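*Asks:* Got a structure for you, written out below as structure tokens; questions coming shortly.
Any read-out appearing in this document is the output of simple, stated calculations on the displayed coordinates, not a laboratory observation. Because the structure is a prediction, the values reported are computed rather than measured. Glycine gets a Cβ as well: all are built from the backbone with ideal geometry, and neighbour counts include every protein chain shown.
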Amino acid sequence: MSQSQRHIISILLENEPGALSRVVGLFAQRGYNIETLTVAPTEDETLSRLTMTTIGNESKVEQITKQLNRLIEVVKLVNLTEGPHIERELMLIKVKAVGAQRAEIKRTADVFRGQVVDISSSVYTVQLTGTSDKLAAFIEAIGPSCVLETVRTGVSGISRGEKVLSL
Amino acid sequence: MELLSGGDMLVRALHDSGVEYIYGYPGGSLLHVYDAVYKQSHVKHVLVRHEQAAAHMADGFARATGKAGVVMVTSGPGATNTVTGIATAQTDSIPMVVICGQVPSHLIGDDAFQETDMLGIARPIVKHSFRVTDPVDIPEIIAKAFHIAETGRPGPVVIDLPKDMTMPNERFEYNYPKKVKIRSYSPPQRGHSGQIKKAVDMIFEAKRPIIYTGGGVVLDKSSDKLRELVDELGFPVTNTLMGLGAFPGTDERFLGMLGMHGTYEANVTMHHADLIIAIGARFDDRVTNATGKFCPDAKIIHIDIDPSSISKTITADVPIVGPVGSVLDDMLALIRSSDETIDAEALASWWKRINDWRPRHGMRYDKNEDGLMKPQEVIEAMYEATEGKAYVTSDVGQHQMFAAQYYKFDDPNKWINSGGLGTMGFGFPAAMGIKMNFPEDKVVCVTGEGSIQMNIQELSTCLQYGIPVKILCLNNGSLGMVRQWQDMNYEGRHSSSYMESLPDFVKLVEAYGHVGIRVTNRDELPQALEDTFNKYNDRLVFLDVKVDEKEHVYPMQVPLGSMRDMWLNKTERT
């Protein structure tokens with residue numbers, strides 16, 4: 001049995017009511033795990049693009065992609081992790097920022113190429129984009145104890161080069 | 001240009017889809033549609049007594065013909081009552097179109113009277129589902145529903161139809177699409193030629209081959225091609241519970257059913273094979289036993305239209321995704337045009353080994369001397385009485401296994417059972433659906449006193465429409481399969497497996513206007529069968545046959561073992 005790994009599955013889905021529930025329901029029904037899920041319409045408004053990350057060994061992920069392909073509304077599907085790809089996740093994070101902390105958090109945000117997008121007397125809200133690892137590293141760097149709230153979009157991804165996922 | 005109401009369009013579209021019968025039950029949200037049904041004569045409605053039976057009737061029809069059966073039920077409880085029937089069809093890949101009424105659109109989400117989220121409830125047990133949001137779409141949705149239900153790996157499709165989509169006074173242009181196109185749905189049409197070539201190479205190299213086929217061969221109507229392949233190769237064949245009849249049960253090359261209650265020779269031949277050619281079968285847990293111990297020497301060719309069936313439980317060496325019939329055609333052509341031949345010498349010695357295993361087969365039983373019959377001998381007698389040509393439906397349990405083992409099906413689409421989901425209450429309505437469409441054929445429901453009571457209300461439907469099916473009830477006064485497991489694994493503690501307070505079935509069926517015959521002794525059976533199939537040929541006959549409650553189904557694979565690990569009877573193990 002091969003090792004469990006994180007996979008990014010990207011799906012072109014008919015933009016119809018109920019389509020998303022079939023995808024999500026499939027994971028619950030068959031005992032698969034969803035780590036992150038992000039979905040929005042594409043430039044073609046009849047299609048949604050859905051990106052999900054899941055963890056499993058090779059045969060499990062193969063079964064997941066096959067089961068997803070059985071859904072009538074799944075138009076196309078790619079496992080991005082099988083080839084070179086770009087992945088991004090956006091995080092908004094509220095951190096305690098008082099006294100010397102204020103400069104330190106700003107410096108750390110700069111290092112991670114984040115931006116402070118909102119300020120109050122005791123709180124900074126930082127916006128950060130990158131791989132999931134990078135976002136986790138930022139939280140580690142500022143110290144989890146000063147984190148008040150985080151919200152992450154989940155992973156979006158696209159393959160490198162000329163390969164495209166389209167009709 | 002013809003203008004039709006939504007209700008009229010629905011009925012017209014069903015007619016244009018080739019539908020003769022719909023099975024259903026009316027209710028508030030469907031009254032406009034039922035009025036549309038009333039006003040025409042092409043599409044006939046069959047009123048069941050419980051919606052679950054409507055789904056099983058449609059299912060029986062579909063299994064016998066390959067065409068989608070149609071169910072029509074009202075919103076709320078009408079819809080939810082079909083759930084077991086839909087799941088039964090989904091598990092066995094049976095085409096079905098289920099039209100569910102729904103409360104008017106403006107009430108959806110308000111917890112209105114008889115409102116339920118049928119699309120949500122049915123989502124995990126359908127191939128696809130639709131909600132009608134504009135009456136103009138009705139013909140196209142119906143056409144798409146049939147297309148999806150019947151092509152690729154078949155399955156049930158649910159259509160949620162809010163009442164305001166069918167208003168009699170709102171009329172629209174009717175357009176039934178000549179051709180259905182769904183951009184995200186294109187089932188495979190051919191197998192990959194490179195893979196087929198690899199498979200044929202393996203066939204030529206094989207020393208100990210076996211062909212293992214399932215319901216997919218029946219569904220793709222490829223039984224003739226399977227027979228051609230076996231004629232060409234001379235390999236042994238085994239069928240799954242769902243695949244019986246795809247290859248003649250009386251043929252010398254047929255080893256019987258395989259799996260949990262399969263024959264000794266089928267399971268042992270599988271175990272020792274060096275090549276398994278799996279055709280339209282899915283290596284289900286009732287076939288493989290422990291997957292880690294499954295057929296250690298075998299290379300596997302797996303032909304299936306659904307890629308998700310391939311390498312799901314057992315890894316295939318040569319997967320071939322495609323329709324069974326087309327792949328078999330391509331394989332046959334390649335085999336016939338090849339310079340190579342199969343290894344005849346190896347095959348002869350393989351057959352010698354198989355024929356040595358055959359006498360050990362576990363499908364034997366001893367008859368009681370006191371005249372109390374074993375269930376097996378009842379099936380054998382019914383096989384003789386119907387000359388092996390009946391449509392046989394079954395419920396679920398011991399009687400199902402005995403029917404599968406002892407009725408030798410020579411033709412596909414004749415053995416109709418809920419193999420995957422294991423739905424008690426399936427057999428009787430399924431038999432009704434078949435009999436209505438094949439009035440000249442013998443249709444027998446093999447059942448038990450437990451299962452038959454799960455849809456016995458349909459005796460009333462049979463009287464209304466004159467559906468003379470034959471019900472063969474193997475009455476052992478207990479839930480036999482449950483009891484068997486309790487005997488084997490729970491030291492005979494028969495927890496809730498004893499059917500106390502059974503009705504007098506003869507009186508019951510007579511009350512419904514049919515014929516009941518009770519058989520308690522072997523001597524009475526021949527006359528009872530004679531009366532059932534001749535004297536009362538045009539009547540529904542309920543044959544209540546008392547059988548030995550102590551009998552177990554054997555052979556039976558030992559749990560967590562390999563294919564060949566079996567109990568052959570209560571005391572003998574392989």
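*Asks:* Let me know the shape class of chain B, please: from the alpha-carbon gyration tensor, a ≥ b ≥ c as square roots of the eigenvalues, rounded when a/c is under 1.5, otherwise prolate if a/b is greater than b/c, or oblate. Before the final figure, lay out each step's value.
*Replies:* Working: a/c = 2.02, a/b = 1.24, b/c = 1.64.
Oblate, because a/c is 1.5 or more while a/b does not exceed b/c.
*Asks:* Rounded, prolate or oblate: which fits the stretch B:203-250 when a ≥ b ≥ c are the square roots of the eigenvalues of the alpha-carbon gyration tensor, with rounded for a/c under 1.5 and prolate only if a/b beats b/c? Show your work: numbers first, answer last.
*Replies:* On the way: a/c = 1.96, a/b = 1.68, b/c = 1.17.
Judged from the Cα gyration tensor, the stretch B:203-250 comes out prolate (a/c at least 1.5, a/b above b/c).
*Asks:* Can I ask one more? Taking only Cα atoms and a 10 Å spring cutoff, compute GNM fluctuations for chain A and point out the largest among A:Lys76, A:Lys66, A:Lys94.
*Replies:* A:Lys66
*Asks:* A further question follows. Please give the FRET efficiency for A:Thr129 paired with B:Phe204, using the beta carbon to beta carbon distance and R0 = 41 Å, rounded to the nearest 0.05. All intermediate terms of the calculation are to be shown ahead of the outcome.
*Replies:* On the way: r = 58 Å, r/R0 = 1.41.
Computed FRET efficiency for A:Thr129 and B:Phe204 comes out at 0.10.
*Asks:* Listed highest first by mean packing, meaning other Cβ atoms within 10 Å per residue, what order do B:398-409, B:562-573, B:377-388 come in? The partial results should precede the final answer.
*Replies:* Values: B:398-409: 25.3, B:562-573: 16.7, B:377-388: 18.8.
Highest-to-lowest ranking by the protection proxy: B:398-409, B:377-388, B:562-573.
*Asks:* If you place +1 on the Cβ of every Lys and Arg, -1 on the Cβ of every Asp and Glu, and leave all else neutral, what size is the dipole of chain B about its Cα centre, to the nearest 20 Debye? Present the calculation step by step, with values, prior to reporting the outcome.
*Replies:* Details: 57 positive and 74 negative charges, 124 e Å.
Using only the charged Cβ atoms, the result is roughly 600 debye.
*Asks:* Okay, moving on. Ranked highest first by average number of other Cβ atoms within 10 Å, how do A:117-129, B:214-226, A:52-64 line up? Please list the in-between numbers first.
*Replies:* Working: A:117-129: 14.8, B:214-226: 23.9, A:52-64: 18.5.
In descending order of packing, they fall as B:214-226, A:52-64, A:117-129.
*Asks:* Mind checking the mean number of beta-carbon atoms from other chains within 10 Å of the Cβ atoms in A:60-71? Walk me through the numbers on the way to the answer.
*Replies:* Working: counts 0, 0, 5, 6, 1, 2, 8, 4, 1, 4, 9, 4.
Mean number of neighbouring Cβ atoms from other chains: 4.
*Asks:* Another one. If you line up the Cα atoms of the stretch A:86-156 on their principal axes, what length do they span on each, largest first, in Å?
*Replies:* Ordered largest first, the stretch A:86-156 gives principal extents of 37, 20, 18 Å.
*Asks:* Also: Over the Cα atoms, compute the radius of gyration (one decimal) and Dmax (the largest Cα-Cα distance, rounded to a whole number) for the stretch B:49-117, in Å.
*Replies:* According to the Cα coordinates of the stretch B:49-117, Rg and Dmax are 13.0, 41 Å.
*Asks:* Which percent of Cα pairs goes in each bin when the distances of the stretch B:3-173 are cut into 10 angstrom slices starting at zero?
*Replies:* 12, 45, 37, 7, 0
*Asks:* Hey, another quick one. Please get the size of the charge dipole for the stretch B:357-506, origin at its Cα centre, with Cβ charges of +1 on Lys and Arg and -1 on Asp and Glu, quoted in debye to the nearest 20.
*Replies:* Its charge dipole is roughly 400 debye.
*Asks:* Relative to the present Cα-Cα distance, how much length would full extension add between B:Glu2 and B:Asp224 at 0.36 nm per residue of separation? Working shown, then result.
*Replies:* Details: separation 222, 0.36 × 222 = 79.92 nm, distance 4.46 nm.
Full extension of this stretch gives 75.5 nm more.
*Asks:* So what's the gap between the Cα centers of the stretch B:191-234 and the stretch B:80-126, to the nearest angstrom?
*Replies:* Between the Cα centre of the stretch B:191-234 and that of the stretch B:80-126, the gap is 38 Å.
*Asks:* Viscosity 1.306 mPa s, temperature 10 °C: Stokes-Einstein D of the protein assembly as shown from its Kirkwood Cα radius, in µm² per second? Provide the component values of the computation, followed by the final result.
*Replies:* On the way: Rh = 28.6 Å.
Rounded to a whole number, D works out at 56 µm²/s.
*Asks:* On each of the three principal axes of the Cα atoms of the stretch B:96-182, give max minus min coordinate, whole Å, ordered largest first.
*Replies:* 37, 34, 16
*Asks:* While we're here: For B:Lys570, give me every one of the lysines with a C-alpha distance below 26 angstrom, ignoring sequence neighbours fewer than eight places off in its own chain.
*Replies:* The reachable lysines, counting only those whose Cα sits under 26 Å from B:Lys570, are B:Lys293, B:Lys367, B:Lys374, B:Lys408, B:Lys546, B:Lys550.
*Asks:* A follow-up question, please. In Å, what Kirkwood hydrodynamic radius results for the stretch B:375-553 from the alpha-carbon pair distances? Let's see the in-between values first.
*Replies:* Numbers: mean 1/r = 0.0620 Å⁻¹.
Every distinct Cα pair counted, the radius reaches 16.1 Å.
*Asks:* Give me the one-decimal nm value for the distance between modelled label points at B:Ser105 and B:Lys197, 7 Å along each residue's Cα-to-Cβ direction.
*Replies:* 5.5
*Asks:* Roughly what percent of Cα-Cα pairs across the stretch A:5-83 reach past 15 Å?
*Replies:* So the pairs more than 15 Å apart make up 51 percent of the total in the stretch A:5-83.
*Asks:* Continuing with this model, one more query. Count, for each residue of B:112-122, the Cβ atoms from other chains sitting within 10 Å of its Cβ, then give me the mean as a whole number.
*Replies:* Working: counts 0, 0, 0, 0, 0, 0, 0, 4, 3, 0, 0.
Partner Cβ neighbours, averaged per residue: 1.
*Asks:* A further question on this structure: Considering only Cα-Cα distances, which of the following residue pairs are longer than 26 Å: B:Lys178/B:Lys225; B:Lys442/B:Lys507; B:Lys414/B:Lys507; B:Lys221/B:Lys435; B:Lys44/B:Lys67; B:Lys312/B:Lys352? Provide the component values of the computation, followed by the final result.
*Replies:* Values: B:Lys178/B:Lys225 30 Å; B:Lys442/B:Lys507 24 Å; B:Lys414/B:Lys507 30 Å; B:Lys221/B:Lys435 20 Å; B:Lys44/B:Lys67 16 Å; B:Lys312/B:Lys352 33 Å.
Table pairs above 26 Å Cα-Cα are B:Lys178/B:Lys225; B:Lys414/B:Lys507; B:Lys312/B:Lys352.
*Asks:* Kindly state, to the nearest 0.05, the FRET efficiency for B:His15 paired with B:Ala290, given R0 = 45 Å and r defined as their beta-carbon distance.
*Replies:* Numbers: r = 51 Å, r/R0 = 1.13.
Once rounded, the FRET efficiency stands at 0.35.
*Asks:* Right, another one. If contacts are Cα pairs under 8 angstrom and at least 6 residues apart, what is the relative contact order of the stretch A:1-155 in percent?
*Replies:* Numbers: 271 pairs, mean separation 40.4, N = 155.
Relative CO of the stretch A:1-155 lands at 26 percent.
*Asks:* Which one of B:Asn534, B:Tyr512, B:Pro188 is farthest out on the positive end of the charge dipole of chain B, using unit charges on Cβ (Lys, Arg +1; Asp, Glu -1) and the Cα centre as origin?
*Replies:* B:Pro188
*Asks:* What distance in nm separates the two pseudo spin-label positions at B:Asn521 and B:Gln457, each 7 Å out from Cα along the beta-carbon direction?
*Replies:* 3.9
*Asks:* A further question follows. Using bins 5 angstrom wide from zero, how does P(r) for the stretch B:193-360 break down, in % of all Cα pairs?
*Replies:* 2, 9, 20, 25, 23, 15, 5, 1, 0
*Asks:* Please give, to one decimal in nm, the separation of the simple spin-label points placed at A:Arg160 and B:His42, each 7 Å out from Cα toward the Cβ.
*Replies:* 5.9
*Asks:* Now a separate question. Between A:Ile55 and A:Asn79, 0.36 nm times their residue separation minus their Cα-Cα distance comes to what?
*Replies:* Details: separation 24, 0.36 × 24 = 8.64 nm, distance 1.22 nm.
Gain on stretching A:Ile55 to A:Asn79: 7.4 nm.
*Asks:* Which GluC sites (Glu not before Pro) from the stretch B:466-544 combine a DSSP loop assignment with at most 14 other Cβ atoms within 10 Å?
*Replies:* For GluC sites (Glu not before Pro) across the stretch B:466-544 that sit outside H, G, I, E and B with at most 14 neighbouring Cβ atoms in 10 Å, the list reads B:Glu491, B:Glu500.
*Asks:* Let me ask another. Taking R0 as 41 Å, what's the FRET efficiency between B:Asn175 and A:Ile34 from their Cβ-Cβ distance, rounded to 0.05?
*Replies:* Values: r = 40 Å, r/R0 = 0.98.
Step by step, r from the Cβ atoms, then E = 0.55.
*Asks:* Just to be sure I understand: if I project the alpha-carbon convex hull of the stretch A:39-162 onto a plane and average over all orientations, what area do I get in nm²? Provide the component values of the computation, followed by the final result.
*Replies:* Working: hull surface 40.0 nm².
Its Cα hull, projected and averaged over all orientations, spans 10.0 nm².
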